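A.B. asks: Below are the structure tokens for one structure; questions will follow.
The values are calculated or read from the model by the stated rules, or taken from the named source; none is laboratory data. Treat the numbers as computed from the prediction; the structure is a model and nothing was measured. Please note: Cβ atoms are built from the backbone with ideal geometry, for glycine as well, and neighbour counts cover all protein chains shown. Protein only, heavy atoms only, side chains kept; ligands, DNA and RNA dropped before computing areas. Shrake-Rupley method; radii C 1.70, N 1.55, O 1.52, S 1.80 Å.
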Amino acid sequence: PVNGELVLSNSTISSFVDLANSGTVIASTGSSTINGGVTNASGATLRVSDLSVTPDNATLTVANGFSNSGTIELLNNNGNCCGARAATLNVSVGTLTNTAGGTIRSAGTSGATNTLNAQVTNQGAIEVNQPLTISTLGSNSGQLTVASGSSLTATAGFTNTGILSGSGTISVGS
């Protein structure tokens, strides 16, 4: 969408369609999949969050790696009726590159752990305000901030030439 909003709810976008986002895309309610190419432009937002009255975990799967120059938000919530709910972004193949102007943010209202199942190269900012697990944080040459009381878990090691800040916890597997 160009300056508009697209909401995906248990949706699948065909491999014949490329999603060029310069507005807001929200993956909400259950699992959605984007099989075509994805670009998230500067000023755009790609949000994975289910904020409905009776929420479920929200999951977005993108078939191929892509570059983020805008904002990717993984928002968990307190579940209202049903317990804490988490947000998950999966990138099946390739690398998610967070460019120098891009932001990846883990936020929300519950302590549920958000998940980014992807090979991530960070040149921009990663902000961890709620617990986040990243399957492979390949490198960080940007800013990685973990807020007090929050945690970042990377299940595979990473190379850091950037800035690590905040008083939260960073755990890195081997």
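A.B. asks: What residue, among those in the stretch 17-30 that are more than 12 Å from G4 (Cβ to Cβ) and open to solvent by less than 30 Å² (accessible area, probe 1.4 Å), is modelled with the lowest pLDDT?
C.D. replies: This residue is G30.
A.B. asks: Can you tell me how many residues in the stretch 104-126 are more than 19 Å from I170 (Cα to Cα) and open to solvent by less than 10 Å² (accessible area, probe 1.4 Å)?
C.D. replies: Residues in the stretch 104-126 being more than 19 Å from I170 (Cα to Cα) and open to solvent by less than 10 Å² (accessible area, probe 1.4 Å): 0 in total.
A.B. asks: Another question about this same structure. Could you list all residues from the stretch 76-90 that are more than 19 Å from T24 (Cα to Cα) and at pLDDT 95 or above?
C.D. replies: None - no residue of the stretch 76-90 is more than 19 Å from T24 (Cα to Cα) and at pLDDT 95 or above, so the list stays empty.
A.B. asks: Of all residues in the stretch 107-145, how many are touching a residue at least 40 places away in the same chain (Cβ under 8 Å) and assigned to a strand (DSSP E or B)?
C.D. replies: The qualifying residues number 10.
A.B. asks: In the stretch 63-73, is there at least one residue being surrounded by 20 or more Cβ atoms within 10 Å (Cβ to Cβ) and closer than 17 Å to S31 by Cα?
C.D. replies: Yes, the stretch 63-73 contains at least one residue that is surrounded by 20 or more Cβ atoms within 10 Å (Cβ to Cβ) and closer than 17 Å to S31 by Cα.
A.B. asks: Considering each residue of the stretch 42-61, count those that are open to solvent by 40 Å² or more (accessible area, probe 1.4 Å), farther than 14 Å from N114 by Cα and touching a strand residue (DSSP E or B) at 6+ places or on another chain (Cβ under 9 Å), and give that number.
C.D. replies: So the answer is 3.
A.B. asks: Can G101 be described as open to solvent by 50 Å² or more (accessible area, probe 1.4 Å), touching a Pro at 6+ places or on another chain (Cβ under 9 Å) and not in a strand (DSSP E or B)?
C.D. replies: no
A.B. asks: Could you please give the count of residues in the stretch 136-149 that are under 15 Å from the mean Cα position of the chain (by Cα) and open to solvent by 30 Å² or more (accessible area, probe 1.4 Å)?
C.D. replies: 2
A.B. asks: Taking the stretch 150-174, which residues are open to solvent by 30 Å² or more (accessible area, probe 1.4 Å) and within 21 Å of S49 (Cα to Cα)?
C.D. replies: S151, T153
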